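First comes the structure, then the notes that go with it.
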Amino acid sequence: MKPKTQSSIIGSILLSFAIAHISAQGQSPPGPGPEHEALKKLEGTWNAKVKMGDDESAATATYKMVCGGMWLMSDFQGSFGDQKFSGHGLDGYDPEKKKYVSVWVDSMSTRPMFLEGTYDKEKKTSTMTGEAKGPDGKMAKHKMTTHMPDDDHMTFTMYLLDADGQENKVMTIEYTRKK
């Protein structure tokens, strides 16, 4: 038997045992909570206008709820100048931390970016923070906000934070839902 096939079979068996154990304990598997509603609103395909300094480019983003509605998977395709760009994200809610969590990977970095933050329902804005390499190649703190004033528009803004915590805007992305 091939090692890959053997690993798949073992993984399936372990998953079956875990589900059986949870069922035997009288516990039901977790499901989406009210916090996931903010993520679900993003589902669909969006046109994006990316602004970095004086440069502007077009892109497309697709969002889909996966894993029983507990995670939002994103696919971002665009370009910066002559360079094609692709990125993928996975966003969810961690009930133990009581925070939204995210991981982002893209074609411009070999390191994932891990983020966590909050969602303000009244302001319709999420705020996430994390660390990733900055333009100088050193690790830097990042802050990202996403404001969604209605179901068909949102604005994403990314900041680099300097040593004093001062925010320096890196990029803005204006999204419009594709109809």
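On C-alpha positions alone, give me the angle between the axis of helix 3-24 and the longest principal axis of the chain, in degrees, nearest 10.
For helix 3-24, the angle is close to 70 degrees.
Picking from 166, 27, 77, which is most flexible by a Gaussian network model of the chain using Cα springs under 10 Å?
Largest GNM mean-square fluctuation: 27.
Which of 128, 92, 176 sits farthest toward the positive end of the charge dipole of the chain, with +1 on the Cβ of Lys and Arg and -1 on the Cβ of Asp and Glu?
The residue sitting most towards the positive pole is 92.
Can you give me the Kirkwood hydrodynamic radius for the chain, using every pair of distinct Cα atoms, in Å to one decimal?
On the way: mean 1/r = 0.0545 Å⁻¹.
Hydrodynamic radius (Kirkwood, Cα only) of the chain equals 18.3 Å.
Net charge near residue 109, counting Lys/Arg +1 and Asp/Glu -1 over other residues with Cβ under 14 Å of its Cβ?
For residues surrounding residue 109, the net value is 0.
Restricting to DSSP H runs of at least four residues, report the calculated mean residue ellipticity at 222 nm for the chain, -39500 (n - 2.57) per run over all residues, nearest 500 deg cm²/dmol. Each step should come with its number before you reach the end.
Values: 2 runs with 27 residues, N = 179.
Mean residue ellipticity at 222 nm (helix-derived): -5000 deg cm²/dmol.
Points 7 angstrom from Cα along the Cβ direction at residue 179 and residue 67: gap in nanometres?
So the label points at residue 179 and residue 67 sit 3.5 nm apart.
Relative contact order for the range 36-177 using alpha-carbon pairs under 8 Å, separation at least 6, rounded to a whole percent?
Reported relative contact order: 17 percent.
Toward the positive end of the charge dipole of the chain, about the Cα centre and with charges on Cβ (Lys, Arg +1; Asp, Glu -1), which of 83, 137, 33 goes farthest?
Most positive-ward Cα: 33.
Treat each spin label as a single point 7 Å out from the Cα along the C-beta direction, and report the residue 56 to residue 75 distance in nm.
Result: 2.8 nm between the two label points.
Just tell me which lysines come within less than 19 Å, Cα to Cα, of residue 98; anything on the same chain fewer than 8 places away is out.
40, 121, 123, 124, 143
Quick check: pseudo-label points 7 Å beyond the Cα along Cα→Cβ at residue 86 and residue 139, how many nm apart are they?
About 2.9 nm separates the two model spin labels.
Assign one of three labels to the range 109-179, namely rounded, prolate or oblate, based on the Cα gyration tensor with a ≥ b ≥ c the square roots of its eigenvalues; rounded applies when a/c is under 1.5, prolate when it is not and a/b is larger than b/c, and oblate otherwise. If you can, show how the numbers build up before the last one.
Values: a/c = 2.22, a/b = 1.77, b/c = 1.25.
Here the range 109-179 falls in the prolate category.
Quick one: which of 41/138; 51/133; 97/179 span more than 29 angstrom between C-alpha atoms?
From 41/138; 51/133; 97/179, over 29 Å: 41/138; 97/179.
Only the coordinates and a few stated rules stand behind these numbers; no lab work does. In this text, all values refer to a predicted model and were calculated from it rather than measured experimentally. Here Cβ is always computed from backbone atoms with ideal geometry, including for glycine, and neighbour counts include all displayed protein chains.
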